[in-house]
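This report refers to the structure that appears directly beneath it.
The values are calculated or read from the model by the stated rules, or taken from the named source; none is laboratory data. Since we're looking at a predicted model, the values are computed, not measured. Cβ sites come from the backbone with ideal geometry, for glycine too, and all protein chains shown count toward neighbours. Calculation scope for accessible area: heavy atoms of the full protein, side chains included, ligands and nucleic acids excluded. Shrake-Rupley method; radii C 1.70, N 1.55, O 1.52, S 1.80 Å.
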Amino acid sequence: MTTISSSPVSALLATSLDIISLHQQPNGAYAASPEFSAYRGYCWFRDGAFIADGASSAGEIESASAFFGWCAATIERYAGTIEMIVDAAAEGTPVATEHMLPARFTMDGHLGGDDWWDFQLDGYGTWLWAAVQHANRHDLDLTEWRRAAELTVDYLLSSWARPCYDWWEEHQEQVHVSTLGCVGAGLQAAIDSGLADGDRAVAASNVITEIRALIDERGISDGHLVKWLDSSDVDGSLAAIIAPMGFIPPDSALAISTIAALDDQLSFNGGVHRYLADVFYGGGQWPLLSCFLGLAKAAVGDGAGARALLEWAASTATSDGMLPEQVDRHLLFPEHRDEWITRWGTVATPLLWSHAMLLRLAAEMGEQ
Ligand code: BGC
């Protein structure tokens, strides 16, 4: 891939907004990566929620609101499925994973026909969290998303402890700490905003307490958060539950140790890997993860560290200002790169989530 080494951040911010706007449907759905073979035609709750958060932080109020409207319409379309899942869990006969809600929907908000690693819970917490952030940031009324938020809370309360695929759509057999954090952050946002009230808020609060206890008992090793329960490695996604999501308080010793472990183990010259055993496209460095680590550093007062990560992320832009999913400057397993190019083509570019995270970190650093 052609990259330029020092693209000015401010020019890239404008390009990022253009790219996000260009690839948002009138119904609010964001394409994850419009041209990439495996992602084309789909909108993810995870990517989309962070894209909306980035757009919202850059002042694109209507874009973010439209996305949350798409989320709400999609959730309400599958209300019957959610009620069936919730009832089955309450009766002690949880539905099989293939009947749980998917990570991604078609752009018109329907189930897709392609096989995917679909059962992922994090995006359902993340959209709740991001919608509430957006409403707070711009003083908006949340009423039109209430029904969908209640359904989402019920879904998460019924199923939060189930193993599922992680952010990287891998290891369905594990309970992933960043997934727990996304679920917890979403439930907390629903309580704080009043989207969950009465008995639902009490139940959500109890689950948050259980999530925190589980992380304390089985989600920490050597003082830092770990990739999945009872493991000892870190994962780049863990930065997000420190900041911007704030489920792990940035001023805690746990946050400080986790940031240090991410720095030591996954960051090479500012480019952050997903995790040390990553073979996807050879296991390169992800600009969106550099931005998440930058947000975590900004939250603990390390402005210089955050800026260096922002600049590294910007440096991955192609000559026409597009940010990729990952770059191949430092590959963990170079021998695995070509098999993915053969399977799916060159790395997803542009990846809207990468652009959004650049916007989000830049906004945090006061750069617009
Ligand atoms: C990543 C996911 C992402 C999806 C769409 C996958 O390769 O692992 O985190 O949601 O692409 O961008």
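Would segment 223-341 count as rounded, prolate or oblate if I go by the C-alpha gyration tensor, calling it rounded below 1.5 in a/c and otherwise prolate when a/b exceeds b/c, oblate otherwise?
It is oblate, given that a/c is not under 1.5 and a/b is not larger than b/c.
I need the peptides 329-336, 153-160 ranked by packing, meaning the mean over residues of other C-beta atoms within 10 angstrom, with the highest value on top.
153-160, 329-336
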| field | Alpha-carbon Debye profile of segment 175-244, log10 I(q)/I(0) at 0.16, 0.21, 0.24 Å⁻¹ | value | -0.55, -0.83, -0.98
| task | Report the residues of segment 228-272 in range of a label on His171: point 7 Å along Cα→C-beta, backbone N strictly under 13 Å from it. | result | 228-238
| Can you give the convex hull volume per residue for the Cα atoms of segment 1-126, as a whole number of Å³? | 125 Å³
| query | In whole Å, how far is the Cα centre of segment 85-147 from that of segment 284-363? | reply | 26 Å
| request: Would you mind checking segment 339-353 for residues with the amide N under 17 Å from a putative spin-label position 7 Å along Cα→C-beta of Asp320? | output: 346-352
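Let me know the Kirkwood hydrodynamic radius for segment 11-264, please, with Cα pairs as the basis and the value in Å to one decimal. Mind dumping the intermediate values first?
Numbers: mean 1/r = 0.0544 Å⁻¹.
One decimal place: 18.4 Å for the Kirkwood radius.
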| remark: Rounded to a whole %, the carbon-and-sulfur portion of the accessible area of segment 11-264 at a 1.4 Å probe is 48 percent
| Heavy-atom surface of segment 11-264, accessible at 1.4 Å and reported per residue (Å²) | 37 Å²
| query | For Ala213 and Ile341, what does the FRET efficiency come to when R0 = 35 Å and r is the distance between their Cβ atoms, rounded to the nearest 0.05? | reply | 0.20
| Once phi is turned into ³J(HN,Hα) by the Karplus curve 6.51 cos²θ - 1.76 cosθ + 1.60 with θ = phi - 60°, what whole-Hz value does each residue of segment 247-261 show in order, with x for glycine and proline? | 5, 9, x, x, 8, 8, 4, 4, 5, 4, 5, 5, 4, 5, 5
| Two-decimal Rg/Rh across segment 277-361, once Rg and the Kirkwood Rh are taken from alpha-carbon atoms | 1.02
| message | Considering the Cα positions of segment 1-70, please state its Rg to one decimal place and its Dmax as a whole number of Å. | response | 12.8, 38
| query | With a sphere of radius 10 Å drawn around the Cβ of Ser33, what net charge do the other residues whose Cβ falls strictly inside it have (Lys, Arg +1; Asp, Glu -1)? | reply | -2
